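The values are calculated or read from the model by the stated rules, or taken from the named source; none is laboratory data. Keep in mind the model is a prediction, meaning the values are calculated, not measured. Cβ sites come from the backbone with ideal geometry, for glycine too, and all protein chains shown count toward neighbours.
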Ligand code: PMP
């Protein structure tokens, strides 16, 4: 039976979600979404809302796309699932691996391992980087470098390399050998510099010093998001990634790009890393690869990694890692249909064009009392909420202000994501310029209400 929205809002006891407002602040209402079409969703009360969140950085092709549903249905009619272990596999899985290697030829993509979510993809990447060094005859390279503010999923490896301490509480001890470096964050950094070139100089010096101190021969890989997402959409200075890559190359350290949010168009480029002109050794994908229609993840790696493992001595050439869903035919069918849309409709191009409108319009919100800065790239953006514009001190996350802004935006017809001290935007990549303007208008009205 269909229940009214109110029934769900009061019946939250059995369904736990870690960051649900009902747990953090019982006065916050839960939005019950029941359907979606294109860039809009409809809630249980029948309100049609512009989707400024795109699921959770993932429904890149928009909701309810016939092409994707048809591909899923066709696959279900043949075979919903079969395993990919012990010499068994399904053709769709080969098709998708070939497709990814073709699409990512610029990155020298060579081999693919599948999973079901971003946390899987990161875990696979971390384990693969260690296996690379065992196969390459340097088993002492076990450490990981990563960035403060980063988010790499919820498994224990991803939690350990994640740079936000709130996810470390209650789950320790974490993986040893993780070294956190400062994030390329112009708005808040230890040097209080607002000069991009100077910030990069500081960060590169810090990276070099850290490698020097630990010894490059102890480090397996550097893992990072090209643009930090959950940490607050942190867009690095232009020269940051090329210079990091140059340092890593000098020390032989592998570069893992966590493209779970940035992969397949969000930043205005097919890949986040491509936008900075760097080629990672290992890339982790999820979310946008299948646009949320069926969960899927892929860890894609280059010839350097593949060759070393393939030719590794003894047991080092066997990848003893894989999940039940490392090659799910129906998820692969969904991903193939999604990637068709991404390429055919040039969604990276649209994200670049409409994203420029969005980022430009968002700047006007900086006149509001709590808006310290708006920032972003393509169709990912953040509004940084501050208690004091001079010191840039964040609002108290327990004040519920982000939730109040999101609730007011919803009354204006737009779903945005309240994330502690930020409002996050990650709409479908099919967004139109007028819809970007409408999102900003709703936020402007919402911010005026809480000012
Ligand atoms: N990496 C990044 C950069 C992410 O943003 C996320 C999810 N927000 C993950 C990994 C983990 O993905 P999942 O939630 O699908 O496990």
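Evaluation of residue 94 against the conditions (1) in contact with a strand residue (DSSP E or B) (Cβ under 8 Å, 6 or more places away or on another chain); (2) assigned to a helix (DSSP H, G or I); (3) more than 12 Å from the ligand (Cβ to nearest atom) shows that the sole unmet condition is (1). For segment 241-267, filtered to residues that are more than 16 Å from the ligand (Cβ to nearest atom) and crowded, with 22+ Cβ neighbours inside 10 Å, the residue that is farthest from residue 140 (Cα to Cα) is 244. For segment 338-354, state whether one or more residues are outside any strand (DSSP E or B), at pLDDT 95 or above and over 22 Å from the mean Cα position of the chain (by Cα). Yes: one or more hits. Scanning segment 276-289 for residues being within 11 Å of the ligand (Cβ to nearest atom) and in contact with a helix residue (DSSP H, G or I) (Cβ under 7 Å, 6 or more places away or on another chain) gives a total of 5. One residue is enough: does segment 301-320 have a residue meeting the conditions within 16 Å of the ligand (Cβ to nearest atom), under 21 Å from the mean Cα position of the chain (by Cα) and either crowded, with 23+ Cβ neighbours inside 10 Å or at pLDDT 95 or above (or both)? No, segment 301-320 has no match at all. For segment 401-443, a residue qualifies if it is within 16 Å of residue 62 (Cα to Cα) and at pLDDT below 95, but none of them does.
Quick one: in segment 27-71, of everything that is out of contact with any strand residue (DSSP E or B) (no Cβ under 6 Å at 6 or more places or on another chain) and within 16 Å of the ligand (Cβ to nearest atom), which residue is nearest to residue 349 (Cα to Cα)? The extreme case among them is 60.
The rows are residues; the columns are (1) surrounded by 18 or more Cβ atoms within 10 Å (Cβ to Cβ); (2) farther than 15 Å from residue 240 by Cβ; (3) touching a helix residue (DSSP H, G or I) at 6+ places or on another chain (Cβ under 6 Å).
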{"position": "185", "(1), (2), (3)": "yes, no, no"}
{"position": "192", "(1), (2), (3)": "no, yes, no"}
{"position": "195", "(1), (2), (3)": "no, no, no"}
{"position": "199", "(1), (2), (3)": "yes, no, no"}
{"position": "203", "(1), (2), (3)": "yes, no, no"}
{"position": "207", "(1), (2), (3)": "yes, no, yes"}
{"position": "210", "(1), (2), (3)": "no, yes, no"}
{"position": "215", "(1), (2), (3)": "no, yes, no"}
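Among the conditions (1) closer than 20 Å to residue 321 by Cβ; (2) within 11 Å of the ligand (Cβ to nearest atom); (3) touching a strand residue (DSSP E or B) at 6+ places or on another chain (Cβ under 7 Å), residue 150 misses just one, which is (1).
Scan segment 242-274 for residues that are touching a helix residue (DSSP H, G or I) at 6+ places or on another chain (Cβ under 7 Å), in a helix (DSSP H, G or I) and within 17 Å of residue 181 (Cβ to Cβ) and the total you get is 4. In segment 180-188, the condition of being assigned to a strand (DSSP E or B), more than 16 Å from the ligand (Cβ to nearest atom) and more than 22 Å from residue 426 (Cβ to Cβ) is met by at least one residue. Assessment of segment 161-179 against the conditions (crowded, with 20+ Cβ neighbours inside 10 Å, within 11 Å of the ligand (Cβ to nearest atom), modelled with pLDDT of 95 or more and farther than 30 Å from residue 197 by Cβ) yields no matching residue. For segment 217-240, filtered to residues that are part of a strand (DSSP E or B) and touching a helix residue (DSSP H, G or I) at 6+ places or on another chain (Cβ under 6 Å), the residue that is surrounded by the fewest Cβ atoms within 10 Å (Cβ to Cβ) is 220. Residues in segment 283-322 that are part of a helix (DSSP H, G or I) and on the phi > 0 side of the Ramachandran plot: 287, 314. Taken as a whole, the structure places residue 280 among residues that are within 20 Å of the chain's Cα centre (by Cα), modelled with pLDDT of 95 or more and part of a loop (DSSP other than H, G, I, E, B).
For residue 273, the criteria (1) more than 22 Å from residue 159 (Cβ to Cβ); (2) away from the ligand (no atom under 16 Å from the Cβ); (3) buried (at least 19 other Cβ atoms within 10 Å of the Cβ) hold in every case but one, which is (2). Within segment 374-412, the set of residues being buried (at least 18 other Cβ atoms within 10 Å of the Cβ), touching a strand residue (DSSP E or B) at 6+ places or on another chain (Cβ under 8 Å) and part of a loop (DSSP other than H, G, I, E, B) comprises 379, 395.
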